[in-house]
Structures are given as C-alpha cells and as structure tokens.
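Trainee: Take a look at this one; I'll ask things after.
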Amino acid sequence: MKKVLLPALLSLSINLFAQNPADVVNYSFYPQNGSARNIAIGGAMGSLGGDISATYVNPAGLGFYRTGEFVFTPGFLLNKNKSLYRESTTKDSKNTFGLGPVGFVLGNGIRHAPKAAQAVSIGLMQTASFNNSYRYSGYNNYSSYTEMWAEEAGKSGYTGTSDEIINQIIRDPQYSLTAGLGLYTYLVDGYKDPNSSNYMFKGRPEFLLDSGQAIYQENKVDTKGGIYELALGYGYTGNEKWYFGGTLGIPIISYQRDIAYSEKDTSSNTGNGFGYFNYNEHLKTNGAGFNLKLGAIYRPQEYIRLGFAIHSPSIYFLTDTRSASLEAETENYNQYAKITSGELNNGLNAKTKYQLLSPWKLIFSGSYVFREVQDVKKQKGFISADIEYLYHKGSTFYSNADQPTADDKAYYKSLTRIVRNDFKGAFNFRLGGELKFNTIMGRLGFAYYGNPYKDNSLKANRMILSGGLGYRHKGVFIDLTYAHSFSKDVNFPYILEDRANTFASLKQQRGNIMATIGFKF
C-alpha cells in the first residue's frame, strides 16, 4: 500500500545519533607521526631522546637536551587506494600536505649538579591525517542499503496503520537523516504482513533481490582534516642514569566526510517499481580534548637505554553536524522524488554533542648507542625498537548534551558495549637505526601496526618502510625522509541487524615525504 504523505517543517531540534563504532578506528588506528628523523627510523623513539618527537612519544627523552632548538617539519602525502567489493576492484588516489612537529625545546643544565639537566618543549603536530578518497562498486544480489531504513522504521515503536506509522516517523526529527528520507520518497514503504495483523517495512530494491536479481551499488567516500595536538612537555635527569618526563597534550579534531552512495536496477524492466536512488551525506566533526603522557628512561650503561611510557586516554568533547539528501526513481510505483534532511527538520542540520574517551597506550622501548660519549661528534649510530600496546576496545562514548535523556544515556552505553564486543587490543612494533658519517647520517626503519578488530574475517593492519638522510653542522640540521606504508582496512556501506553484512576491503599505499629544518641556540 502506498503512504499518504503529510510533509511538515519541524521546529524541533534534531537528536539523531551519528556516532559509529568505526570512529574508534578513525581516532586511534593511525601511525605515529614525528620529525623526519623519527619517521626515518620507523618511529622507534621511545628510549632515544634528544628529539622534539619525544614530547609525543616518551617525554623523558627531553631530559637529554642541554641546549635549545627550533624545528619545523612540513610533509607531503601521496595516497593510492584499491578497493575490493563484491568481487569488483576500484582504484582511487588523493595527495595532500602533512605537518610534523613545529616548536621549541629549551634545555639547560642545573647549577651545583653537573649531571642534572632539564628541558621544556612546546610543539604543534598533526598526529593523524584524514585527507583521503576511496570508492568501490559492485553487483549485489544479497542486500540493499534501504533495508537499514526499513529496520529503523520497523523498530520505531509507533503504532497504528501503515500510513499512520509512516507519517509519525516522517514527523520525528530523529529519523530526518535516515528512515524519514526513505519513507518520504517511497523508496521504503509499509505493507501488511500476510502472516499477521502487523505492518512490515521493505525497501523497493528488496523486491528485486527477492526475485533473484542483482542491483548495482556504488559508494564514494571523501574525507578531510586531521588531529592536531598542541603539547607542552617537560623532561628531567638528576644523574644521567634515570630520566623522567611528562607531557600535557591538547588534541584538536577537525574532520569532514562526504558520502555519495547509489543503487540502481540492473535490468531493462522499467515497470518493476525501482530504477535507482542517490544518497548523499555530509558529516563534520569538530572538538578538542586533553591527555597526559608520562615516561621514564633508564641508562644502566652509557650505550644502553631502556624506556617506558604510558599515554592516558584523550578525553574529547566533540560535536557532529550532519546533513543528507536522497533522490529516488521508483518508476511506476511513485516515479521521481527528492528530499533533504533539512526539509524534514525545519532547515536544521542534525547536531550531536558527545564525549569520546580514546584508547590508552603503553610503550616499551630499548636502544643501543654505538660508542656512547658526551661528544656527539664521536657517536657512530644506534639501533632502537619500540613495542606498543594500544587498547582499542577501551574507547568509551558519553553524551555531552546539556540535558541528556534516558535514551541518550542508553544509546551511548549500547555503543560502548559494541566497541567492547567488536574491537580488541593490538600490539604495534617499530624498529630503526642510524649510522653517522661525520656531518651526514643515514637512517632506515620499519613499523607494523596490528589489527584492531576482534573478528578475524576483518583484515586490517599497517606496515611502513622508511629511510632518510640527515645533516648536522654548526647548530643547523636538515633531515629528509621518505616513508611508504601498506595498509589494509574495511568499510561497511551499511549495517543490518537481520543478516550478515557485506563490506569492502580497502588497500592503501601512502607515500610520506618529510623534511625537518632545525636551528640550535
């Protein structure tokens, strides 16, 4: 049965929840950034010190400074993506600028204590880059995006005839971004259940799937922004055996995501009730938070350094703003219709305020310095390694609404429960070394970041190979690095509750060109 539409412009504020468990990966599953020297050795900086990157890894390393320095680290990222979806492969690419640490380190000795020293650092660094673009497409004879909206309509809790339920959903601002769009365009409709007196909801593409026909699906995702962290660090040593440090970080998130998703009929039949639909969604996330990093380095011998650091969770205060539009061609069923989420919500975008507690992190480090002496001109090089444990499943969501309702609290508890069930802790490994030839240095590195998903069928990891050169002379240093990463991840175009979900396997290659220019004073 067709529905009777009673479109209304609502003055109510939107209260649609936009968060997704995948945000856990978005804000935690990324490689460590740092100076060009740090990236060249795979990021294995946890026990070395003497680099501004210690502010973000193990602040105890700041205790090795005896002078001051200024550094600036621009970068350029080259992204190449390959997606596999329903046995179809698609390629895409996007290049963008990056930013390593920019800031100062002020170090000095302490009077009346010849082996004591302390240093303060202040820096700004892009800890994660979200600038990327990928797309995938394929033929699907199993499920449709519209089933997600049909599930929402069926669980809305509204009662009455099919038309009454539909119009209540359309008037509810909670559904102005989801089921309301599908119902308004006739892409999703209500039908009498032949086995009961209840009403059921189905998307128009489902009728084609029921007949054994496939639909063509395409999804294009563009993301922008990053996490930028302003950090204030302090390091101290009293005897050149033990070094201690701490960092107060203020991470700032700026994230945008644009989704263009479509489905279309693959047959030549223009009278089967479905031709195509195009769904577009824009999400913007802004906010900031704070975190704390504490670390220690022990030097039992002049040439051996052992490090330990713990990173507290970042407490983010975030705001999501979303809008969406849908156009649908249902042929002889209702022909063509188009609607935006603002038209169902008095022109307002969906806005949600919430808190996100990111995973905590532990880092164990060790390094061996060849011919460790106070005169750095006589040092010949080092090898260094980090083992890092990142507790992805520890991420927690909370409502940050001015007056959170019981539904708000229940939603975020259920979202956190999903995170606990679907994610796990992962080990990350970093290894690197440097050889010094008077004023010139050569470096190599390797890093591996483990799978954050508990389901073994979801393949995700990241491997990075890196190398670089450094120059130091008369208080000036220049480091050049190239790092190449090979990444695997997954993307779900939609999530259904009544059947297994289909997903795309993503493979990314990212080239990272970095340069650090520094001056000692």
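The values are calculated or read from the model by the stated rules, or taken from the named source; none is laboratory data. Please read all numbers here as calculations on a predicted model, not as lab measurements. Methodologically, a virtual Cβ is constructed for each residue, glycine included, from the backbone with ideal geometry; neighbour enumeration extends over all protein chains shown.
Trainee: One residue is enough: does the stretch 456-479 have a residue meeting the conditions hydroxyl-bearing (Ser, Thr, Tyr), touching a residue at least 24 places away in the same chain (Cβ under 8 Å) and out of contact with any Asp or Glu (no Cβ under 6 Å at 6 or more places or on another chain)?
Mentor: Here is the first cut: in the stretch 456-479, the residues hydroxyl-bearing (Ser, Thr, Tyr) are 457, 466, 471.
Pick out the ones that are also touching a residue at least 24 places away in the same chain (Cβ under 8 Å) and you get 466, 471.
Add one more test, that the residue is out of contact with any Asp or Glu (no Cβ under 6 Å at 6 or more places or on another chain), and what stays is 466, 471.
Yes, because at least one residue in the stretch 456-479 is hydroxyl-bearing (Ser, Thr, Tyr), touching a residue at least 24 places away in the same chain (Cβ under 8 Å) and out of contact with any Asp or Glu (no Cβ under 6 Å at 6 or more places or on another chain).
Trainee: Another question, then. Name, by its number, the condition in (1) among the polar types (S, T, N, Q); (2) crowded, with 18+ Cβ neighbours inside 10 Å; (3) under 21 Å from the mean Cα position of the chain (by Cα) that does not hold for Gln355.
Mentor: Going through the list (1) among the polar types (S, T, N, Q); (2) crowded, with 18+ Cβ neighbours inside 10 Å; (3) under 21 Å from the mean Cα position of the chain (by Cα), Gln355 breaks only (2).
Trainee: Could you look through the stretch 437-451, keep only residues that are small (Gly, Ala, Ser) and in a strand (DSSP E or B), and pick out the one that is nearest to the chain's Cα centre (by Cα)?
Mentor: Initially, the stretch 437-451 is screened for residues small (Gly, Ala, Ser), giving 442, 445, 447, 450.
In the following step, the residues that additionally are in a strand (DSSP E or B) were identified as 442, 445, 447.
Working: Gly442: 32, Gly445: 24, Ala447: 19 Å.
Top of the filtered list is Ala447.
Trainee: Another question, if that's okay. Quick check: anything in the stretch 485-498 over 25 Å from Glu218 (Cβ atoms), among the small types (Gly, Ala, Ser) and in contact (Cβ under 8 Å) with a residue 40 or more places away in the chain? Can you show your working first?
Mentor: Start the filter on the stretch 485-498 by keeping residues that are over 25 Å from Glu218 (Cβ atoms), which leaves 485-486.
Right, trim to among the small types (Gly, Ala, Ser) and you get 485.
If we keep only those that are in contact (Cβ under 8 Å) with a residue 40 or more places away in the chain as well, we get 485.
Yes, the stretch 485-498 contains at least one residue that is over 25 Å from Glu218 (Cβ atoms), among the small types (Gly, Ala, Ser) and in contact (Cβ under 8 Å) with a residue 40 or more places away in the chain.
Trainee: I want to confirm something. Restricting to the stretch 36-76 and keeping residues that are surrounded by fewer than 19 Cβ atoms within 10 Å (Cβ to Cβ) and within 16 Å of Thr127 (Cα to Cα), which single residue is nearest to the chain's Cα centre (by Cα)? Outline the logic, then answer.
Mentor: The first filter runs over the stretch 36-76 and keeps only residues surrounded by fewer than 19 Cβ atoms within 10 Å (Cβ to Cβ), leaving 66-68, 70, 72, 74, 76.
Cutting the leftovers down to within 16 Å of Thr127 (Cα to Cα) gives us 72, 74, 76.
On the way: Phe72: 25, Pro74: 21, Phe76: 19 Å.
Per the stated criteria, the residue is Phe76.
Trainee: Now a separate question. Here's a check for you: in the stretch 58-85, which residue that is touching a Lys or Arg at 6+ places or on another chain (Cβ under 8 Å) and assigned to a loop (DSSP other than H, G, I, E, B) is nearest to Glu229 (Cα to Cα)?
Mentor: In this case the residue turns out to be Asn58.
Trainee: With the checklist (1) at pLDDT 90 or above; (2) polar (S, T, N, Q); (3) out of contact with any Pro (no Cβ under 8 Å at 6 or more places or on another chain); (4) farther than 25 Å from Asp51 by Cα in hand, flag the one item Ser384 doesn't pass.
Mentor: (4)
Trainee: Would you point out which residue out of Asp479, Asp498, Asp408, Asp489 is in contact with a helix residue (DSSP H, G or I) (Cβ under 8 Å, 6 or more places away or on another chain) and outside any strand (DSSP E or B)?
Mentor: Numbers: Asp479 fails: outside any strand (DSSP E or B); Asp408 fails: in contact with a helix residue (DSSP H, G or I) (Cβ under 8 Å, 6 or more places away or on another chain); Asp489 fails: outside any strand (DSSP E or B).
Result of the check over Asp479, Asp498, Asp408, Asp489: Asp498.
A quick yes/no check of all residues on (1) without any contact (Cβ under 8 Å) to a residue 12 or more places away in the chain; (2) over 30 Å from Ala231 (Cβ atoms); (3) buried (at least 16 other Cβ atoms within 10 Å of the Cβ):
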site: Ile250; (1), (2), (3): no, no, no
site: Ile253; (1), (2), (3): no, no, yes
site: Gln256; (1), (2), (3): no, no, yes
site: Tyr261; (1), (2), (3): no, yes, yes
site: Ser267; (1), (2), (3): no, yes, no
site: Phe274; (1), (2), (3): no, yes, yes
site: Asn278; (1), (2), (3): no, yes, yes
site: Asn286; (1), (2), (3): no, no, no
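Trainee: Whether any residue in the stretch 368-378 is closer than 21 Å to Gly46 by Cα, modelled with pLDDT of 90 or more and within 28 Å of the chain's Cα centre (by Cα) is what I want to check.
Mentor: Taking the stretch 368-378 first, the residues closer than 21 Å to Gly46 by Cα are 368-374, 376.
Next, from what is left, pick out any that are modelled with pLDDT of 90 or more: 368-369.
If we keep only those that are within 28 Å of the chain's Cα centre (by Cα) as well, we get none.
For the stretch 368-378, residues closer than 21 Å to Gly46 by Cα, modelled with pLDDT of 90 or more and within 28 Å of the chain's Cα centre (by Cα): absent.
Trainee: What number of residues in the stretch 91-135 are more than 21 Å from Phe244 (Cα to Cα) and over 22 Å from the mean Cα position of the chain (by Cα)?
Mentor: 1
Trainee: Out of curiosity, is Asn239 touching a Lys or Arg at 6+ places or on another chain (Cβ under 7 Å), of a type outside the set (Val, Ile, Thr) and within 30 Å of Ser47 (Cα to Cα)? Break it down into steps so the answer makes sense when it comes.
Mentor: Values: touching a Lys or Arg at 6+ places or on another chain (Cβ under 7 Å): yes; of a type outside the set (Val, Ile, Thr): yes; within 30 Å of Ser47 (Cα to Cα): yes.
So Asn239 passes the test.
Trainee: Hey, among the residues in the stretch 390-431 that are closer than 30 Å to Ser47 by Cβ and charged (D, E, K, R), which one's surrounded by the fewest Cβ atoms within 10 Å (Cβ to Cβ)?
Mentor: Narrowing the stretch 390-431 to residues closer than 30 Å to Ser47 by Cβ: 390-395, 423-431.
With the extra rule that they be charged (D, E, K, R), the set shrinks to 393, 424, 430.
Working: Lys393: 19, Lys424: 15, Arg430: 28.
Of everything passing the filter in the stretch 390-431, Lys424 is surrounded by the fewest Cβ atoms within 10 Å (Cβ to Cβ).
Trainee: Name the residues in the stretch 437-451 that are of a type outside the set (A, V, I, L, M, F, W, C) and touching a Gly at 6+ places or on another chain (Cβ under 7 Å), would you? Break it down into steps so the answer makes sense when it comes.
Mentor: Quick first cut of the stretch 437-451, residues of a type outside the set (A, V, I, L, M, F, W, C) only: 438-439, 442-443, 445, 448-451.
Within the stretch 437-451, Arg443, Gly445 meet the criteria.
Trainee: Something else now. Within the stretch 85-105, how many residues turn out to be surrounded by fewer than 16 Cβ atoms within 10 Å (Cβ to Cβ) and modelled with pLDDT of 95 or more?
Mentor: Qualifying residue count, the stretch 85-105: 1.
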